[in-house]
Amino acid sequence: MSIEVRVPTLGESVTEATVATWFKKPGDSVAVDEMLCELETDKVTVEVPSPSAGTLSEIVANEGDTVGVDALLANISEGAGAAAPAPKAEAEKPNEAPTEAANGASGGSVHVMVPTLGESVTEATVSTWFKAVGDTVAQDEMLCELETDKVSVEVPAPAAGTLTEILAPEGTTVDASAKLAVLSSSGGAAAQAAPAAAPAPAGATTPSTGKDIENAPSANKLMAENNMSADQVTGTGRDGRVMKEDVLKALTAPKAEAPSAPAAPRAPVPADDAAREERVKMTRLRQTIAKRLKDSQNTAAMLTTYNEVDMTEVMALRSEYKDLFEKKHGVRLGFMSFFTKACCHALKEVPEVNAEIDGTDIVYKNFVHMGIAAGTPTGLVVPVIRDADSMSFAAIEKAIAEKGKRARDGKLSMAEMQGGTFTISNGGVYGSLMSSPILNPPQSGILGMHKIQDRPMVINGEIKIRPMMYLALSYDHRIVDGKGAVTFLVRVKEALEDPRRLLMDL
């Protein structure tokens, strides 16, 4: 029986795609849901899984062909080996990395492939190898780490065996279907024959503590970025494994007191400036941040309007209910939920701030996917809280706490940082008193929060000390007029100065 493989639904308004890569060839055996090919549209990359187990008998649409929705891509012969090639030694787990028979008497070779990188991400850079050729690896043990323009991706071993070949060294840029390495899954024989003194890649070795412990890849990366060695960090993971949280703790810990006798000043040594400089290659994340921010300035007609808000009522409300709130909901009541609620309220009245430009069209969003900008050791990221306009205070606080932790740990997925319609950035946590935030394209508005500072204010003819915060709204003047921008910021101010307005939808 022949099973047809057809183009899946590509998304709203997308009618065609290009066949980018075939992962299988005619005659290959396939498992249910195993990836057959990858399609590219003008917006996203779509993976096509096998609808059935069997043998790929025919490829109808070749790489480079343009196909429409529901077009026939290939045919699969259903059943055990219906049209299968001559038997080969297969890898034990067909649903994991693609495999091929080894040229030898026993065992097989397992290919380590680039994992799924996320929607619209087509390439990555190999940042660190944690294993060297000849090393014995366990299944799911971390082999290497890849960097995309958004996130870091750890690559685990698809099977136990010996790392026999590294095809993509550190610094190599690989596409989404590339082969990274080859494992020999022949078991102990190959493992025992592995060279014991194989040189390890730079930055991949574990500390010489006498224990064969592989630190968390994210921890190794963070230590390298901060010129730290593992012996400066106390590992709290299993068997003393250093985790990313351990490195962050070490970075923020108070420094040891300097010796009582100050070190003698270094005598001036004639040297070129270049000899005293340090050149470090930008990470892909930092490169993307730089490009997107500059593109935003070049594309949008960006303007910023300012106001200030008296935080007295919000602070009093928070102080009164924070203990009950945390006891009932299991999360702290912060300021971000008030600002998120206030922005959602204002966006209903001024919908153009929640819209975006698509060519000559303005796309109004009848929902709020709120981006919450978060600083991490590797750069700024903006996780998105979807449908924030329909969430409670507790749900918003829980989502912000969870997304913030995942951002700091480098665990955010691509999907968690896409689709935002408006962004809030809180520079106040770093002490910023006033700033002009940059738009997060294609969004048309971003609210900048700042430090709460006591200032003398005239209240009913009397000077009183009030906790004040400056607010800044940067907006795209192409679709948001000055009146709309000012109105939005005033509505946010009103909601925060009298939080009861949020409950009354006023």
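The values are calculated or read from the model by the stated rules, or taken from the named source; none is laboratory data. Note that the structure is predicted; figures quoted are calculated from it, not measured. Note: ideal-geometry Cβ built from the backbone for every residue, glycine included; neighbour counts use all protein chains shown.
Quick check on this structure: which one of LEU433, LEU412 is in contact with a Lys or Arg (Cβ under 6 Å, 6 or more places away or on another chain) and under 27 Å from ALA301 (Cβ atoms)?
LEU433
Where residues in segment 44-63 are of a type in the set (Ser, Thr, Tyr) and more than 29 Å from the chain's Cα centre (by Cα), which of them is farthest from VAL30 (Cα to Cα)?
SER57
What are the residue pairs meeting all of these: first residue in segment 6-18, first residue hydroxyl-bearing (Ser, Thr, Tyr), second residue assigned to a loop (DSSP other than H, G, I, E, B) and at pLDDT 80 or above, Cβ atoms under 9 Å, and 6 or more apart or on different chains?
Between residues of segment 6-18 that are hydroxyl-bearing (Ser, Thr, Tyr) and residues that are assigned to a loop (DSSP other than H, G, I, E, B) and at pLDDT 80 or above, the close pairs are THR9/VAL69; THR9/ASP70; THR15/VAL69; THR18/GLU63; THR18/GLY64; THR18/ASP65.
Tally time: how many residues in segment 38-72 are assigned to a strand (DSSP E or B) and closer than 30 Å to ASP358 by Cα?
Looking only at that region, the number is 10.
When only residues in segment 339-373 that are small (Gly, Ala, Ser) and farther than 22 Å from VAL309 by Cβ count, which is nearest to the chain's Cα centre (by Cα)?
ALA355
Return the residues of segment 311-364 that are polar (S, T, N, Q) and loosely packed, with under 13 Cβ neighbours inside 10 Å; say none if nothing qualifies.
Our first condition is that a residue be polar (S, T, N, Q); within segment 311-364, this holds for 312, 319, 337, 340, 354, 360.
Passing the criteria: SER319, THR360.
How about segment 214-261: which of its residues are touching a strand residue (DSSP E or B) at 6+ places or on another chain (Cβ under 9 Å), part of a helix (DSSP H, G or I) and at pLDDT below 70?
PRO217, SER218, LYS221
Here is a list: GLY118, GLY79. Which entry is at pLDDT 50 or above, in contact with a helix residue (DSSP H, G or I) (Cβ under 8 Å, 6 or more places away or on another chain) and at positive phi? Outline the logic, then answer.
Details: GLY79 fails: in contact with a helix residue (DSSP H, G or I) (Cβ under 8 Å, 6 or more places away or on another chain).
The unique qualifying residue is GLY118.
Evaluate segment 339-353: report whether one residue or more is touching a residue at least 12 places away in the same chain (Cβ under 8 Å), in contact with an Asp or Glu (Cβ under 7 Å, 6 or more places away or on another chain), under 19 Å from GLY445 (Cα atoms) and part of a helix (DSSP H, G or I).
yes
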